[in-house]
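The values are calculated or read from the model by the stated rules, or taken from the named source; none is laboratory data. Every value quoted in this text rests on a predicted model; they were computed, and no experiment measured them. Ideal geometry is used to build each Cβ from the backbone, glycine not excepted, and the neighbour counts take in all protein chains shown. Accessible surface is based on the protein model in full, side chains and every heavy atom, while ligands, DNA and RNA are left aside. Shrake-Rupley method; radii C 1.70, N 1.55, O 1.52, S 1.80 Å.
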Amino acid sequence: MKSFYQKYKPYYGQSLVLAVPVVISQMGHTLVQTADSIIIGHFAGTVSLAAVSLVNSIFVIGLVIGLGVSYGITPLIAQSNGRNDHSECGQLLSNSLLINSITGVVLFLFISFGTMQMIGHLDQSPEVVRQARPYLFLMGISLVPLLIFNTFKQFAEGLGFTKQAMVISIAGNILNVLLGITFVKGLFGIKPMGISGVGYSTLIDRCSMAFVMALYVFRSKNFRSYLKHFALKNIDRLRCASILKIGTPVALQYVFEISAFSGAAILIGTISPVAQAAHQVAINLAGLTYMAASGIAAAAAIKSGNFFGAKQHRDLRLSAISNYHIVIVFMSMTALLFSFGNHLLPWMYTSDNQVIVIAAQLLIIAAFFQLFDGTQVVGLGILRGMGDVNVPTIITLIAYWIVGLPVGYLLGIQFKMGVTGVWYGLVLGLLTSSLLLFIRFQSISRKHQVKQEIIIAQD
């Protein structure tokens, strides 16, 4: 056991130094929705909480598309930095900023003029739909500054600077909570805004974060050698294509997974607003642990990209496996938290006993799928760092849309198992994804390592 630990010890340290700040900043995306849900659940009621669930189930699709596209720069930055190519890093930032800005505007227009009408035809409660529409519009606008923030965040993290985005995310979430309570309740002479209040607080929070993150990158001496090559004239088709070649499949990976959970929320909405509100509580808590795991995955992608760019394939394998160990330990702890706190945790969101009872049942299921959720997202991160994105995209499509959601529909709706049946299907999807992605990683990394050993032996 001691020799096993000593083998991976250096990589645990490297991974954790990168991962901890990224985990906190990644969780910031979900903490915004968490804060919104808690504020609405306590100050606006169950119907408004169901409206938040409906909006988040739709908005999260746009969110993960945007985040996925913005992640396209990170492996390229990590690989270029591994080759000490500072010029390429600066030029990639120019192209990424253009791509992400356009993506944010397109997603906002799609949400505003597409999904805004769609939610009236999903067999949801009319009052839930009425409250959801203005909130959805404001969340759509917030995607533009969020993706600008993420452009600079991914650039900095790709170079190994992860703490600053963490600090900005923490400050942004505090601002969001304070403004959300003020706007929803109508403090300091402001008229109570209800569910729209958390929409405005989120928009202001994300605009502030984008401005501060950009200011940090442009003024920090850490990036001066890279930013010499940041300019509009360096925007070109080839670099945009290289970013999108990674970012688009990554976006699809997230879409296939998250849209399955969004589809589950819509299925559950046909059961009752109470079931939908309970789903929102449980999925929000599970989303927090997922985003923490995705922070570990982001760190894994950076280290994999560094080692892959430097052609250090043995180190790549050891580093990758160390990240699997880290996420397994972390998700085991969250599984215990969900198991023993399943009746207590929902109280953070609502005092409605019906909602709490159902949410407590769902948290037991969430505890069960923690390990699968963590290992599958880390697997995606490792493969992304190696530039392998197409096959993992197919794996996520199969896992969630051929296995997970259809089984959930069959158990929950057709077999009348209700919300728990839908969640059992999602567990099966996560298990499928986790296993297939690990097999893919083992296959590719071993091939690269063997090839490198043969070259060394020949020399």
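Annotations
- Relative packing of 50-60, 93-103, 150-160, which averages over residues the other C-beta atoms within 10 Å, highest first: 50-60, 150-160, 93-103
- Membrane-span-like helices of the chain, defined as complete DSSP H segments with a Cα extent of 24 Å or more along the helix axis and a mean Kyte hydropathy of at least 0.0, are identified as 2-43, 46-70, 86-110, 126-158, 163-185, 195-219, 237-269, 273-309, 313-340, 353-385, 418-458.
- Listed peptides 343-349, 381-387 appear in the order 381-387, 343-349 once ranked by packing, highest mean of other Cβ atoms within 10 Å at the front.
- Positive dipole terminus of the chain, leading residue within L98, Y71, L238 (C-beta point charges): L238
- Rg in Å to one decimal, and Dmax rounded to a whole Å, for the stretch 266-385 via C-alpha atoms: 17.4, 56
- Correct option for Cα extents along the principal axes in Å [calculated from the coordinates] among [x] 65, 50, 38; [y] 71, 47, 37; [z] 63, 55, 44: [y]
- Computed over protein heavy atoms with a 1.4 angstrom probe, the accessible surface ordering of F415, F183, F223, largest first, is F415, F183, F223.
- Eligible lysines near K451 by straight Cα distance, threshold 26 Å, same-chain separation 8 or greater: K7, K9, K245, K303, K311
- Normalised contact order of the chain, rounded percent, pairs of Cα under 8 Å and 6 or more residues apart: 23 percent
- Computed log₁₀ I(q)/I(0) - Debye formula, equal Cα scatterers, no solvent, the stretch 315-362, q 0.13, 0.15, 0.31 Å⁻¹: -0.46, -0.53, -1.02
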